[in-house]
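The values are calculated or read from the model by the stated rules, or taken from the named source; none is laboratory data. Keep in mind it's a predicted model, so treat the numbers as computed, not measured. Note that each Cβ is placed from the backbone with ideal geometry, even for glycine, and that neighbours are counted across all protein chains shown.
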Amino acid sequence: MHVASRPKKVGSWYAVGALVAHFRKKTRLTQEQFAESANLAVDTVRSIEQGRLALQPDRAEQFDELLDTGGALTVVVAKLPVRDRIVQFAQGLVDHEQEALGVLSYQSLAVPGLLQTPEYCRAVFDYRYPAIGSETAEQWVQARMERQLIWQRDRPPVGHFILEESILRREVGGPEVMRAQIRQILEYTRPIHMSFQIMPMHQRPHAALDGPMVLLETPEHERLVYLEVQRASFLVDDPDEVSDYYHKYGMLRSQALSCDKSERLLMGLLGES
């Protein structure tokens with residue numbers, strides 16, 4: 001088992017931050033002066049320069065203009081891979097997710113990130129405790145939306161999702177946000193290579209009361225399992241352990257509602273059954 005803990009530093013963003021600091025100092029601006037010219041809190045500037053806050057593309061363009069860099073920051077940020085825009089403890093998942101041949105996901109608390117609307121995703125981050133800064137949350141939302149580009153690949157992965165019924169009855173973000181989220185689940189899982197099932201609240205027995213999981217197949221046909229607990233994550237690659245999780249997922253599929261019944265349940269929640 002590979003354990004992906006939450007690292008204290010992210011090399012790419014420390015390098016970008018150092019570049020920002022270099023250009024700022026070259027123009028003889030203090031952090032306070034630069035923050036004022038950029039209409040930012042000075043703590044935001046410090047976080048970016050220290051690599052604790054990612055520099056988003058629109059902000060990079062603004063900094064390039066203010067610091068007269070010739071577009072250097074915009075170019076550097078554009079070259080960073082998607083994984084570097086993801087919260088650190090999930091990067092092990094994203095590395096493999098971007099090129100996966102198949103993604104099987106069982107979730108028990110929230111709609112999986114690969115199906116979330118921006119509004120639902122934003123509400124999930126707004127509910128986090130301790131609270132995170134609004135700019136950090138917005139970066140995470142954008143990064144999660146970028147992850148969904150895998151469904152637009154020329155040969156997108158096979159996707160299958162099992163969601164607990166309780167997820168769909170919890171109005172994260174409010175009724176309208178939840179209605180839009182349900183509609184997106186239906187839309188995203190309409191193609192032939194996509195499907196979803198709902199695990200009814202009354203189901204007994206239940207093969208995964210011990211928590212969610214994501215199963216991935218790599219281009220080399222290696223099978224992996226990603227597990228996440230609070231702010232820690234685990235990437236399982238031991239064949240014997242992976243086999244157990246695939247059997248568990250297979251049992252979940254047999255216990256959940258059929259795809260047709262699952263779709264009717266969602267339509268019923270929308271009042272369109």
- What is the residue count in segment 218-273 for residues that are surrounded by fewer than 14 Cβ atoms within 10 Å (Cβ to Cβ), of a type in the set (G, A, S) and under 30 Å from R169 (Cβ atoms)? 7
- Query: Is there a residue being modelled with pLDDT of 95 or more, surrounded by 20 or more Cβ atoms within 10 Å (Cβ to Cβ) and either closer than 25 Å to A100 by Cβ or over 19 Å from the mean Cα position of the chain (by Cα) (or both) anywhere in segment 170-180?
  - Reply: no
- Message: Taking the criterion of being modelled with pLDDT under 80, in contact with a Phe, Trp or Tyr (Cβ under 9 Å, 6 or more places away or on another chain) and not assigned by TED's automatic domain parsing to the domain that holds R223, would at least one residue in segment 91-111 satisfy it?
- Response: no
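Within segment 107-121, take every residue that is within 18 Å of V229 (Cβ to Cβ) and touching a helix residue (DSSP H, G or I) at 6+ places or on another chain (Cβ under 8 Å) and give me the one that is surrounded by the fewest Cβ atoms within 10 Å (Cβ to Cβ). Outline the logic, then answer.
Here is the first cut: in segment 107-121, the residues within 18 Å of V229 (Cβ to Cβ) are 107-110, 112-113.
With touching a helix residue (DSSP H, G or I) at 6+ places or on another chain (Cβ under 8 Å) added as a condition, the list becomes 107-110, 113.
Values: Q107: 19, S108: 17, L109: 13, A110: 18, G113: 23.
Here the answer is L109.
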- Query: Does segment 252-262 contain any residue that is under 23 Å from P156 (Cβ atoms) and aliphatic (A, V, I, L, M)?
  - Reply: yes
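Check E263, E222, E241, E217 and return the single one that is in the same structural domain as S195 (by TED's automatic domain parsing) and in contact with a helix residue (DSSP H, G or I) (Cβ under 8 Å, 6 or more places away or on another chain).
Values: E222 fails: in contact with a helix residue (DSSP H, G or I) (Cβ under 8 Å, 6 or more places away or on another chain); E241 fails: in contact with a helix residue (DSSP H, G or I) (Cβ under 8 Å, 6 or more places away or on another chain); E217 fails: in contact with a helix residue (DSSP H, G or I) (Cβ under 8 Å, 6 or more places away or on another chain).
Exactly one of E263, E222, E241, E217 is in the same structural domain as S195 (by TED's automatic domain parsing) and in contact with a helix residue (DSSP H, G or I) (Cβ under 8 Å, 6 or more places away or on another chain), namely E263.
Which residues, counting only those in segment 47-71, are at pLDDT 85 or above and crowded, with 17+ Cβ neighbours inside 10 Å? Steps first, answer last, please.
Filtering segment 47-71 down to residues at pLDDT 85 or above leaves 48-49, 59-71.
Those that are at pLDDT 85 or above and crowded, with 17+ Cβ neighbours inside 10 Å: I48, E49, R59, A60, Q62, F63, D64, L67, T69.
Can you tell which of A110, A137 is part of a loop (DSSP other than H, G, I, E, B), under 30 Å from G51 (Cα atoms) and more than 11 Å from the chain's Cα centre (by Cα)? Outline the logic, then answer.
Details: A137 fails: part of a loop (DSSP other than H, G, I, E, B).
Unique residue meeting the criteria: A110.
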- Message: Which count do you get for residues in segment 24-40 that are among the hydrophobic types (A, V, I, L, M, F, W, C) and over 31 Å from the mean Cα position of the chain (by Cα)?
- Response: 2
- Message: Cβ contacts < 8 Å: first residue under 24 Å from Y245 (Cα atoms), restricted to segment 1-22; second residue at pLDDT below 50, any location; separation 6+ or different chain. Result?
- Response: A4/F89; S5/F89; R6/F89
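So that you can scan it fast, the table gives a plain yes or no per residue for (1) under 21 Å from S47 (Cα atoms); (2) modelled with pLDDT under 95; (3) in contact with a strand residue (DSSP E or B) (Cβ under 8 Å, 6 or more places away or on another chain); (4) in the same structural domain as D43 (by TED's automatic domain parsing):
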residue: A131; (1), (2), (3), (4): yes, yes, no, no
residue: E135; (1), (2), (3), (4): yes, yes, no, no
residue: W140; (1), (2), (3), (4): yes, yes, no, no
residue: R147; (1), (2), (3), (4): no, yes, no, no
residue: V158; (1), (2), (3), (4): no, no, yes, no
residue: I162; (1), (2), (3), (4): no, no, yes, no
residue: S166; (1), (2), (3), (4): no, no, no, no
- Message: With outside any strand (DSSP E or B), modelled with pLDDT under 95 and among the hydroxyl-bearing types (S, T, Y) as the only criterion, which of S243, S273 stands out?
- Response: S273
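What are the residues in segment 41-66 that are assigned to a loop (DSSP other than H, G, I, E, B) and over 26 Å from the mean Cα position of the chain (by Cα), if any?
If we filter segment 41-66 for residues that are assigned to a loop (DSSP other than H, G, I, E, B), which is where we start, we get 41, 50-56.
A41 - this is the single residue of segment 41-66 that is assigned to a loop (DSSP other than H, G, I, E, B) and over 26 Å from the mean Cα position of the chain (by Cα).
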- Residue among S195, S254 that alone is of a type in the set (G, A, S), within 17 Å of V103 (Cα to Cα) and assigned by TED's automatic domain parsing to the domain that holds I150: S195
